[in-house]
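To start, the structure itself, in structure tokens.
The values are calculated or read from the model by the stated rules, or taken from the named source; none is laboratory data. All values reported here derive from a predicted model rather than from experimental measurement. We place every Cβ from the backbone using ideal geometry, glycine too, and count neighbours over all the protein chains shown.
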Amino acid sequence: MRSERATIQKISLPLSLFLFAFFSLTKILLFDNYIDNPSYAANCDFMNKKAVYPGSFDPITNGHVDIIHRGLKVFDQIVVAVLENPKKKPLFTTKERVDMIKSIFRDMKHVEIHSFHGLLVDFAKNMQARVIMRGLRAISDFEYEFQMALMNRKLNPEIETFFMTPSVNYSFLSSNLVKEVSLLGGSLEGLIPEEVEEKIREKFRNDPNVTLI
Ligand code: PNS
């Protein structure tokens with residue numbers, strides 16, 4: 001019994017050292033080298049970073065909100081970029097659109113909201129984001145999105161476009177349909193955040209002559 005204990009005491013230190021060396025070496029060979037591989041690291045470079053999510057958001061719908069939540073599973077920070085477009089005549093002013101989105105994401109520090117004008121790639125660069133995130137609802141969106149992604153790549157090859165699909169519950173949803181249904185008195189339940197529903201009804205109530213273009 002005593003001799004067995006002595007043997008265990010004798011081998012326990014070398015055995016621990018051996019196991020420590022074995023696991024350290026395995027980790028270095030199998031994992032660290034993989035991460036240190038520049039091509040692997042380059043492929044992962046977009047992860048855990050910032051993505052710009054641009055759009056007109058006139059107004060933001062639950063489809064957009066869904067895409068932002070999905071984006072947060074991939075990126076650390078989402079910058080919602082609201083287009084200031086003087087040529088289009090939006091129902092909501094830029095400030096109204098930004099404020100509505102700020103109110104929806106008020107408790108989420110990983111979502112920031114800005115307006116922008118000019119080229120989207122320049123805005124993304126200023127925000128130090130290398131990814132533009134866009135939602136793809138259906139094949140019908142594809143051609144426009146494909147053209148835009150390639151044009152943005154031509155303008156700045158350092159910026160990648162990343163597509164996400166919303167929940168199927170929102171695959172038919174668009175800001176334009178929301179405005180039309182609201183103007184005609186239809187129900188928007190489950191399609192837009194509560195804050196937006198109030199604002200949109202208020203808009204039509206206060207200005208009955210408002211038209212949609
Ligand atoms: O919600 P929308 O209207 O489909 O969003 C379109 C948007 C804002 C992504 C697009 O119009 C845009 O990026 N405008 C900025 C101007 C620009 O960079 N144009 C060249 C790239 S195609």
Against the condition among the acidic types (Asp, Glu) and either within 12 Å of the ligand (Cβ to nearest atom) or buried (at least 20 other Cβ atoms within 10 Å of the Cβ) (or both), how does residue 76 come out, does it pass?
no
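Only one of 103, 187, 140 is surrounded by fewer than 17 Cβ atoms within 10 Å (Cβ to Cβ), among the hydroxyl-bearing types (Ser, Thr, Tyr), assigned by TED's automatic domain parsing to the domain that holds residue 66 and outside any helix (DSSP H, G or I). Can you tell me which?
Just a single option satisfies the conditions, and that option is 187.
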If only one of 87, 125, 179 is out of contact with any strand residue (DSSP E or B) (no Cβ under 9 Å at 6 or more places or on another chain), of a type outside the set (A, V, I, L, M) and within 11 Å of the ligand (Cβ to nearest atom), which one is it?
87
Can you tell which of 156, 152, 176, 169 is within 20 Å of residue 70 (Cβ to Cβ) and of a type in the set (S, T, N, Q)?
169
Output for segment 156-193, where each listed residue is out of contact with any helix residue (DSSP H, G or I) (no Cβ under 9 Å at 6 or more places or on another chain) and closer than 15 Å to residue 59 by Cβ:
176, 177, 180, 181
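Yes/no matrix, rows are residues, columns are (1) in contact with a Gly (Cβ under 9 Å, 6 or more places away or on another chain); (2) touching a residue at least 24 places away in the same chain (Cβ under 8 Å); (3) under 22 Å from residue 150 (Cβ atoms):
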| site | (1), (2), (3) |
| --- | --- |
| 88 | no, yes, no |
| 94 | no, no, no |
| 103 | no, yes, no |
| 114 | no, yes, no |
| 118 | no, no, yes |
| 128 | no, yes, no |
Residues of segment 153-176 that turn out to be more than 11 Å from residue 137 (Cβ to Cβ), among the aliphatic types (A, V, I, L, M) and either outside any helix (DSSP H, G or I) or away from the ligand (no atom under 11 Å from the Cβ) (or both), as a count
1
Out of the residues in segment 143-179 meeting the condition of being under 20 Å from residue 78 (Cα atoms) and surrounded by fewer than 15 Cβ atoms within 10 Å (Cβ to Cβ), tell me which one is nearest to the chain's Cα centre (by Cα).
167
